[in-house]
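Novice: Mind looking over this structure? Questions follow.
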Amino acid sequence: MESLSCLVLKPSPPTRLFFPPRIPQMALPGSTFGFPPSMDYQLPITTAKLALKPIRASTSTVPTTPSTTSTVASSPTAASTKKALVPIGFGTEEMEAVILVDVLRRAGAEVTVASVEPQLEVHASGGTKLVADTRISTCSDRVFDLVALPGGMPGSAQLRDCEILKKITSKQAEEKRLYGGISTAPAVTLLPWGLLKRKRTTCHPAFFDRLPTFWAVKSNIQVSGELTTSQGPGTSFLFALALVEQLFGESVAREIGELLFMHSADDKPRKEEFNKVDWAVSHTPRVLVPVANGSEEIEIVTIVDILRRAKVDVVVASVEKSVKILASQGVKIIADKLIGDAAGSIYDLIILPQGGVAGTGQLQKSRILKKLLKEQDAAGRMLGAVCSSLTVLHKHGLLKEKKATAHPSAITELSNPVDGPKVVIDGKLITSMGLATVSDFALAIVSKFFGHARARSVAEGLVFEYPRS
């Protein structure tokens, strides 16, 4: 039997914390990241958006995943592939873990997701069930170019108490290879290991007072030598892109940012609403998120995490024969139910995440899902679609003359496309461009169900910039 040096506990369910007001999401100076590896670099606090110059993406994909999602043309060859370790444990923040893995793999990194628990299946802090690639014990003799720790509670404590992970990360720091942590990880995990000494560091605002006063920095991203730290789920894309630049260079980071729709849109609204109707219900809102092999993990996890933070009852249902899903960038997710088992309930909203060619095709072929969508529309209940999944609604005749937005590859199929906003609401239909815009999409749903104050409160916990009114 494989030996485990991690402290194994029977922990209580993960606790979702409510945090004080967030520090606004920042923009990178100019249009570049430019993190010098040999000196401190702080990204200042500002309310500006991330500015990235458009770069046309290649259609090449990460060879180790079944994804149809593009990766950058400048991804390294197999001989020079950068290796990254992302450990997870019970209560790890799923947005932080999945965005890290997804973005690093898009850039061409070989990412190992390792469980510090006895089992590969890990229940994340918001209830999403992730499956690691391996146990941490198999990584002890491997050399990584990067070790990146997601946060979340009690996930950061689980990582802290794993002796194998401590040795791996300590060796990483000693040998001056890249390492980092986001949210609670700097204060709860790296600090007790002694890996923040003489390093300027940031973390989630709720844990900021645990950091050494002289070295603590209130910024969304802080690079100090080989160490990179960040504040929370709402800064996960920035954290991941900062690591991508240090591994692969500025041009790759900019290109990935463009692929994820992290371009500036200061002259256009965050969301636009037409034919406004009330979405409020007298009960806890119930939302169905159908998924398939090839579905986009960023979208699944972000939507589900944010809605559950707002106390929405979310069911993730697989249209495959198994509840185990292999997402577009190779992240393994376990759905709550099969679509047939979920079909017996009534949902206030059904949301279709992007699935690429394969995933969207599976969603479209599901007869049970088609029946559910048509019943949803006939009953006058809400529908949502992200990125290219809008084509499923279109082919089932459910878009009609509705105004909507979608991924650029799918927007030509819309009869009334709206160019510009990240999110478009038309009556009881909500749509989004997808990928990095899904936080706005999910928060717009929270606002429609509960009001702006609830959405803003959730955004504060995420450390995500959100309008005051």
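Novice: Based on the mean of other beta carbon atoms within 10 Å per residue, what is the order of 243-253, 294-304, most packed first? Provide the component values of the computation, followed by the final result.
Specialist: Details: 243-253: 22.0, 294-304: 29.1.
Most protected by this proxy first, the peptides run 294-304, 243-253.
Novice: In what order, largest first, do R367, R142 sit by accessible area if the probe radius is 1.4 Å? Walk me through the intermediate numbers first.
Specialist: On the way: R367 205, R142 85 Å².
From most accessible down to least: R367, R142.
Novice: Sticking with this one: With a cut-off of 8 Å between alpha carbons and a minimum separation of six or more residues, what is the relative contact order of the stretch 184-299 in percent? Working shown, then result.
Specialist: Values: 91 pairs, mean separation 17.4, N = 116.
Relative contact order for the stretch 184-299 comes out at 15 percent.
Novice: Now for a separate question. Which of the peptides 376-387, 156-167, 339-350, 103-114 is most tightly packed, and how do the rest follow, going by the mean number of other Cβ atoms within 10 Å of each residue?
Specialist: On the way: 376-387: 20.8, 156-167: 22.3, 339-350: 17.7, 103-114: 24.5.
Top to bottom by mean Cβ count within 10 Å: 103-114, 156-167, 376-387, 339-350.
Novice: Give me the accessible area per residue for the stretch 151-207, probe 1.4 Å, as a whole number in Å². Spell out each step's value before the answer.
Specialist: Working: 1960 Å² over 57 residues.
Here the per-residue accessible area is 34 Å².
Novice: Something else now. Hey, can you rank 311-318, 229-236 by average C-beta count inside 10 Å, highest first? Kindly include the intermediate steps, with their values, before the conclusion.
Specialist: On the way: 311-318: 21.1, 229-236: 30.6.
Output ranking for 311-318, 229-236: 229-236, 311-318.
Novice: Relative contact order for the stretch 232-315: what is it in percent, counting Cα pairs under 8 Å that are at least 6 residues apart? Display every interim value, and only then the final one.
Specialist: Numbers: 34 pairs, mean separation 18.3, N = 84.
It rounds to 22 percent for the stretch 232-315.
Novice: Please name whichever of A292, V315, S282 sits farthest to the positive end of the charge dipole of the stretch 271-317, dipole taken about the Cα centre and charges placed at Cβ: Lys and Arg +1, Asp and Glu -1.
Specialist: Checked the options; the winner is S282.
Novice: At a 1.4 Å probe, what is the % contribution of carbon and sulfur to the accessible area of the stretch 177-263?
Specialist: On the way: 1150 of 2330 Å².
Roughly 49 percent of what the probe reaches on the stretch 177-263 is carbon or sulfur.
Novice: Full extension from I368 to F274: what is 0.36 nm times the residue separation minus their Cα-Cα distance, to one decimal in nm? Walk me through the numbers on the way to the answer.
Specialist: Details: separation 94, 0.36 × 94 = 33.84 nm, distance 2.99 nm.
Taking I368 through F274 to full extension adds about 30.8 nm, to one decimal.
Novice: Follow-up. Distance between Cα centroids, the stretch 169-233 to the stretch 426-458: provide it in whole Å.
Specialist: Their Cα centres are 31 Å away from one another.
Novice: To continue, here is another question. Normalising by the residue count of the stretch 271-385, find the relative contact order in percent from Cα pairs under 8 Å and 6+ residues apart. Mind showing how you got there, number by number?
Specialist: Values: 205 pairs, mean separation 35.1, N = 115.
For the stretch 271-385, the relative contact order is 30 percent.
Novice: For the stretch 393-469, run through the GluC sites (Glu not before Pro) and keep only the ones in DSSP coil with at most 13 other Cβ atoms within 10 Å of their Cβ. Walk me through the numbers on the way to the answer.
Specialist: Working: sites: E401, E413, E460, E465; in loops: E401, E465.
Counting only loop positions with at most 13 other Cβ atoms within 10 Å, the GluC sites (Glu not before Pro) in the stretch 393-469 are E401.
Novice: Sticking with this one: Could you check the simple spin-label distance between E413 and A379, using points 7 Å along Cα→Cβ, in nm with one decimal?
Specialist: For the pair E413/A379, the computed spacing is 2.5 nm.
Novice: Whole number in Å², please: accessible area per residue of the stretch 331-374, 1.4 Å probe, ligands, DNA and RNA not counted. Please report the intermediate quantities before stating the final value.
Specialist: On the way: 1860 Å² over 44 residues.
For the stretch 331-374, the solvent-accessible area averages 42 Å² per residue.
Novice: Under 18 Å between alpha carbons, and skipping anything fewer than 8 positions from K197 in its own chain: which aspartates and glutamates qualify?
Specialist: Straight-distance partners of K197: D40, E174, E175, D209, E226.
Novice: Assigning unit charges at the beta carbon (Lys, Arg +1; Asp, Glu -1) and nothing else, what dipole magnitude in debye, to the nearest 20, does the stretch 282-409 show about its Cα centre?
Specialist: On the way: 18 positive and 12 negative charges, 57 e Å.
Rounded to the nearest 20 debye, it is 280 debye.
Novice: Now, a different point. Got a number for carbon plus sulfur as a percent of the stretch 359-469's accessible area, 1.4 Å probe?
Specialist: The C+S portion of the solvent-accessible surface of the stretch 359-469 is 49 percent.
The values are calculated or read from the model by the stated rules, or taken from the named source; none is laboratory data. Given the structure is predicted, the values throughout are model-derived calculations rather than measurements. Glycine gets a Cβ as well: all are built from the backbone with ideal geometry, and neighbour counts include every protein chain shown. For accessibility, only protein heavy atoms count, side chains too; no ligands or nucleic acids. Shrake-Rupley method; radii C 1.70, N 1.55, O 1.52, S 1.80 Å.
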